[in-house]
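Asks: I'd like to ask some things about the structure below.
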Amino acid sequence: MATYDSIGVTYADTRRPDPRIAARIHRALGDAATVINVGAGAGSYEPSRTVLAVEPSSVMIAQRPAGSARALEASAESIPVPDDSADAAMAVLTVHHWSDLEAGIAELRRIARQRIVVFTFDHDVSRSFWLSQEYLPEAAAVDEVRAVAVDRLVTLLGGARVETVPVPHDCTDGFLAAFWRRPEAYLDPQVRAGMSMLAQTREDVLQPGLTRLAEDLSSGRWHRRHADLLDREELDVGYRLLVADL
C-alpha cells in the first residue's frame, strides 16, 4: 500500500488501458458473468461485469473513474469476501508487488468459482529489453528481486494456459516496455513516474543512463543500433496472460 500511495499519484494519466490488451484480457475471462479485480489500482482493464475491485492503496482508489465497480481497500493476501464470490478473479500487473504470493494466489482460488486470469511479465524475457540492458541496469535490479517466475505462478494456480501478449508500437498503457519503439518517452519524468521499476529508483541512479539515452537519440546512435525495431508493429517484451480454469 505504501508503495502506490507514493508512486501511484499519476497513474490515471500515464497508465491508460490499451484496447488491444484489454480485448485479450476480456476474452480470457470468457463467459464469466461476474469478476473481482484484485490489485485493481485505478481500474485499468476492468470489464463492465466487474462486481468488486480490491486495492490496498487509497491513492489508487481515488483515481478510479466515476461509475467503476465498488472498490474495497484490502490486500490480495487477505480479501474479506466469502468463498466463490464471483465467476472469475483477475489480477493485472500486480502479483510482483504482493508481499506473500502464495497467500494471494490462494485467495484468488478461494474467491473465484470458474476462472482466474493473471496478466504479468516473464522476467526471463523482459530482462533483455534494451532499456534495462543498455541504459538502466541498476534500475532493472528492482525487477530482479521482485519478479515472479511464470512457472511458479502456473504451479500455484494449479495449472494454467500461458499466452504471449505482444506490445503494440503505439501502446497507450505506459508500463515499462510500452515505449519500446518510442525511446524519447523515457526521458519524460511524468512517463517514468508511472513505471514502478523506475519510480522506485532514485533519480541520481537513473540520470547517467538517461543522459546516455538522450545523447544516443540526439546522435542517431540508438536508431542505428535498433534499426530492426523501427518497422515492427508489435514486440514480445515478456508480457504474459495466464488463464486457469478451476
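The values are calculated or read from the model by the stated rules, or taken from the named source; none is laboratory data. All values derive from a computational prediction rather than experimental measurement. Because the Cβ atoms are built from the backbone with ideal geometry, glycine has one as well, and the counts that use them run over all protein chains shown. All accessible areas refer to the heavy atoms of the entire protein, side chains included, with ligands and DNA or RNA removed. Shrake-Rupley method; radii C 1.70, N 1.55, O 1.52, S 1.80 Å.
Asks: Only residues in segment 218-238 that are closer than 10 Å to TRP180 by Cβ and touching a residue at least 24 places away in the same chain (Cβ under 8 Å) count as the first member; pair them with residues that are part of a helix (DSSP H, G or I) and of a type in the set (Ser, Thr, Tyr), Cβ under 9 angstrom, at least 6 apart or cross-chain, and list the lot.
Replies: Listed pairs, sorted by first residue: VAL237/SER126.
Asks: Let me ask you something else. Residues of segment 131-172 being buried (at least 17 other Cβ atoms within 10 Å of the Cβ), modelled with pLDDT of 95 or more and either in contact with a Pro (Cβ under 8 Å, 6 or more places away or on another chain) or among the charged types (D, E, K, R) (or both), which ones?
Replies: Listed by number, the list holds a single entry, LEU131.
Asks: Of all the residues that make up segment 176-192, how many are crowded, with 19+ Cβ neighbours inside 10 Å and touching a Phe, Trp or Tyr at 6+ places or on another chain (Cβ under 9 Å)?
Replies: 8
Asks: Among the residues that make up segment 74-94, is at least one of them assigned to a helix (DSSP H, G or I) and open to solvent by 20 Å² or more (accessible area, probe 1.4 Å)?
Replies: The answer is no, given that none of the residues of segment 74-94 is assigned to a helix (DSSP H, G or I) and open to solvent by 20 Å² or more (accessible area, probe 1.4 Å).
Asks: Next question. Given the conditions (1) open to solvent by 10 Å² or more (accessible area, probe 1.4 Å); (2) aliphatic (A, V, I, L, M); (3) within 28 Å of ARG115 (Cα to Cα); (4) modelled with pLDDT of 95 or more, and given that ALA227 satisfies all but one, which numbered condition is not satisfied?
Replies: Result: ALA227 fails condition (3) only.
Asks: Does GLY43 satisfy being without any contact (Cβ under 8 Å) to a residue 60 or more places away in the chain, open to solvent by less than 40 Å² (accessible area, probe 1.4 Å), assigned to a loop (DSSP other than H, G, I, E, B) and not aromatic (Phe, Trp, Tyr)?
Replies: Considered against the rule, which asks whether it is without any contact (Cβ under 8 Å) to a residue 60 or more places away in the chain, open to solvent by less than 40 Å² (accessible area, probe 1.4 Å), assigned to a loop (DSSP other than H, G, I, E, B) and not aromatic (Phe, Trp, Tyr), GLY43 comes out as yes.
Asks: Cβ-Cβ under 6 Å, sequence separation 6+ or interchain: first residue in segment 155-172 and within 20 Å of ILE116 (Cα to Cα), partner charged (D, E, K, R) and assigned to a helix (DSSP H, G or I). Which pairs?
Replies: The qualifying pairs are VAL165/ARG24.
Asks: Next question, about the same structure. Among the residues of segment 69-84, are any free of Cβ contacts under 8 Å to residues at least 60 places away in the same chain and closer than 21 Å to MET197 by Cα?
Replies: Taking every residue of segment 69-84 in turn, at least one turns out to be free of Cβ contacts under 8 Å to residues at least 60 places away in the same chain and closer than 21 Å to MET197 by Cα.
Asks: Let me ask something else about it. Among the numbered conditions (1) at pLDDT below 95; (2) surrounded by 15 or more Cβ atoms within 10 Å (Cβ to Cβ); (3) hydroxyl-bearing (Ser, Thr, Tyr), tell me where SER58 comes up short.
Replies: Among (1) at pLDDT below 95; (2) surrounded by 15 or more Cβ atoms within 10 Å (Cβ to Cβ); (3) hydroxyl-bearing (Ser, Thr, Tyr), SER58 violates only (2).
Asks: Now for a separate question. Just give me the residues in segment 95-122 being under 13 Å from the mean Cα position of the chain (by Cα), without any contact (Cβ under 8 Å) to a residue 60 or more places away in the chain and in a helix (DSSP H, G or I), in sequence order.
Replies: VAL95, HIS96, listed by residue number.
Asks: Let me ask something else about it. Mind checking whether some residue in segment 130-144 is within 17 Å of GLY238 (Cβ to Cβ), among the aromatic types (Phe, Trp, Tyr) and either within 16 Å of the chain's Cα centre (by Cα) or assigned to a loop (DSSP other than H, G, I, E, B) (or both)?
Replies: No, segment 130-144 has no match at all.
Asks: Exactly one of these conditions fails for ARG49: (1) under 21 Å from VAL35 (Cβ atoms); (2) open to solvent by less than 20 Å² (accessible area, probe 1.4 Å). Give me its number.
Replies: The single condition ARG49 does not satisfy is (2).
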